[in-house]
Each structure stands twice: as structure tokens, then as C-alpha cells.
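Computed from the coordinates by the stated procedures, all read-outs in this text should not be read as laboratory data. Keep in mind that this is a model prediction, so the values were computed, not measured. Quick reminder, even Gly has a Cβ in these numbers, built from the backbone with ideal geometry, and neighbours come from all protein chains shown.
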Amino acid sequence: MARYRGGWTFEREDEGTPGTYITVPQTKSVSGLGKTNNTIDASDWDDDDNEVTLAGRGAGQEITVTFNYDHNDTEQQFMITKVEGGENGNVQLIQAKGTTKTYQFNAAYIGWVITPEADDVNTLEVTLKISGGVTQV
């Protein structure tokens, strides 16, 4: 089994050129990428012994992308602006170690946090909520 460390790149779609993606530099980490299906209780009220649960519509995960913060970087500042504007946008995560995998999805930009560090690199965390499905390309 292959084990990889690092190798993730975060990109956002260029609003002026749909289908073209721009790298947001210095991706440090990405929290879990995925989907959770809601559940529906379909149990018969007359049958106390058999619980029936069905998968409902899926909801995208909330993910946090952490960057080594560079206050001069226009792409990192662009992401803060997207949060401030309460906007959505198309993004992709690329895992480039081993066989390259690209995950594309639309996301709501819902939060940002800058963490100053005295003994380490300052970080920018951007929180996104996946809207719709995640496509592997």
C-alpha cells in the first residue's frame, strides 16, 4: 500500500475564464474531503424489532484548507474576499504524489482565520462547504 505525505495543491476557477484554474500557493493541509448522506427512518411503527434506515440526499463536507500565510499573495487575499462576500466558486484539489488525482467541486466560502505564530509560519485557514457532488477528473 502506498503512503503519501503532502503533495496537495488547491486551485480556484478563474472567474474570467471558466474551466481554467489558478493555484492558491502554499497549501499546507486539507481537512477531510468527502460527502455524508442524510438518513431517513423508514421503520414500520407496528414492528418494534426491525429498524429500517435509508440513505437520503447527500450533503457535502465542510473542509478547511490551511495555507502558509503570505499577506502579499493576491490569491490568498482573493479567498478572504470570497468569504467576506458570502460567495461560492468552483475549486479543485490535486493530490500529485503517486498517480495524480484531481477532485473538483463547487463550494461556499464560509470562513477564514489568520493565525500569527511566534515560532512557526503564520497560517491562513479557509473553510469551505462543498455544494453538490465531488467529481474526480
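Could you pull out the GluC sites (Glu not before Pro) across region 75-133 that fall in loop regions by DSSP (anything but H, G, I, E, B) with no more than 10 other Cβ atoms inside 10 Å?
GLU117
Summarising the amide proton neighbourhood of VAL134: residues at separation of 5 or more, or on other chains, whose placed amide H is nearer than 5 Å comprise an empty set. Direction-averaged projected area, Cα convex hull, region 57-99: 5.0 nm², rounded to one decimal. Distance from the C-alpha centroid of region 105-121 to that of region 4-33: 14 Å, rounded to the whole angstrom. For region 4-33, the residues whose amide N sits under 11 Å from a probe point set 7 Å from the Cα of THR64 along the beta carbon direction are 30-32.
Under 5 Å between amide hydrogens, built in the peptide plane, is the criterion, and for GLN26 it picks out nothing among residues at least 5 positions away or on other chains. Once the Cβ-Cβ distance of ASN72 and THR36 is raised to the sixth power relative to R0 = 41 Å, the FRET efficiency obtained is 0.65.
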